[in-house]
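Okay, so here's the structure we're looking at.
The values are calculated or read from the model by the stated rules, or taken from the named source; none is laboratory data. Please read all numbers here as calculations on a predicted model, not as lab measurements. Here the Cβ is made from the backbone with ideal geometry for all residues, glycine too, and neighbour counts use every protein chain on show. Keep in mind that these areas ignore ligands, DNA and RNA; they rest on the heavy atoms of the full protein, side chains included. Shrake-Rupley method; radii C 1.70, N 1.55, O 1.52, S 1.80 Å.
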Amino acid sequence: MDKISIINLEIPARHGVYNFEKNKDEIFEIDIELFVNLSVPGKSDRLSDTINYGDVIAYVTDIFTKKDYNLIEAVGESICTALIKEYPVKKVRIRIRKPHAPINANFKTVEVELTRHI
């Protein structure tokens, strides 16, 4: 299966369980994988035959910033559901990282990964 990947999209948002997380934007990192047949655009070389990456980024950014979620799992589910409805994909995989998660430990990031099929 072919795939389109958008790696490390950085979006400021206010997702989190605690009130202080909702008081200011923090940067979240998102990877998006869209599993789709790319043979037609591979032959035609026309943007109209594929999924426009810029449109996907704008769509995901809108969903990610429209509402303040408690859990990145919840915003991830919303994104997966919306992408499957909006685009001709067979499967969607997203990873959302929260490097600023309020955990008293030495770590680089926390991440959730969701995979959804049609």
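For Rg/Rh (Cα atoms, Kirkwood Rh), the listed values are [x] 0.95; [y] 1.02; [z] 0.98; which was obtained by calculation from the structure presented? Correct label, based on the coordinates given: [y]. Axis angle, to the nearest 10 degrees, between helix 72-86 and the longest C-alpha principal axis of the chain: 20 degrees. Put the Cα centre of the stretch 31-71 next to the Cα centre of the stretch 1-24 and the gap is 16 Å. Calculated mean residue ellipticity at 222 nm for the chain: -9000 deg cm²/dmol, from DSSP H runs with n ≥ 4 weighted as -39500 (n - 2.57), summed, divided by the residue count and rounded to 500. For Val40, the accessible area of its heavy atoms, probed at 1.4 Å with every protein chain present, is near 90 square angstrom. Against the main long axis of the alpha-carbon atoms of the chain, helix 53-66 sits at an angle near 30°. For the chain, the solvent-accessible area with a 1.4 angstrom probe is 59 square angstrom per residue. Ignoring aspartates and glutamates fewer than eight residues from Lys43 along the same chain, the ones with Cα atoms less than 19 angstrom from its Cα are Asp2. Mind checking which lysines have their C-alpha under 16 Å from Lys66, skipping anything on the same chain fewer than 8 residues away? Once the sequence-local lysines are set aside, what remains near Lys66 is Lys22, Lys24.
DSSP loop (so not H, G, I, E, B), at most 12 other Cβ within 10 Å: list which GluC sites (Glu not before Pro) in the stretch 43-100 pass both filters. When the GluC sites (Glu not before Pro) of the stretch 43-100 are filtered for loop state and at most 12 Cβ neighbours within 10 Å, nothing remains.
Atom-type composition of the exposed protein surface of the stretch 51-118 places 50 percent of the accessible area on carbon and sulfur (1.4 angstrom probe). Sorting Lys91, Lys3, Lys66 by solvent-accessible area of protein heavy atoms yields Lys66, Lys3, Lys91, largest first, with a 1.4 Å probe. With a simple spin-label model that places each label point 7 Å from the Cα along the Cα-to-Cβ direction, the separation between Ala74 and Lys24 comes to 2.4 nm. Extension gain, Met1 to Arg14: 0.36 nm times the residue separation minus the Cα-Cα distance gives 1.2 nm. Annotation: His15 carries an accessible surface of approximately 0 Å², with a 1.4 Å probe and no ligand, DNA or RNA atoms counted. Per-residue accessible area for Asp68 at 1.4 Å probe radius, Å² rounded to 10? Looks like 80 Å² after rounding.
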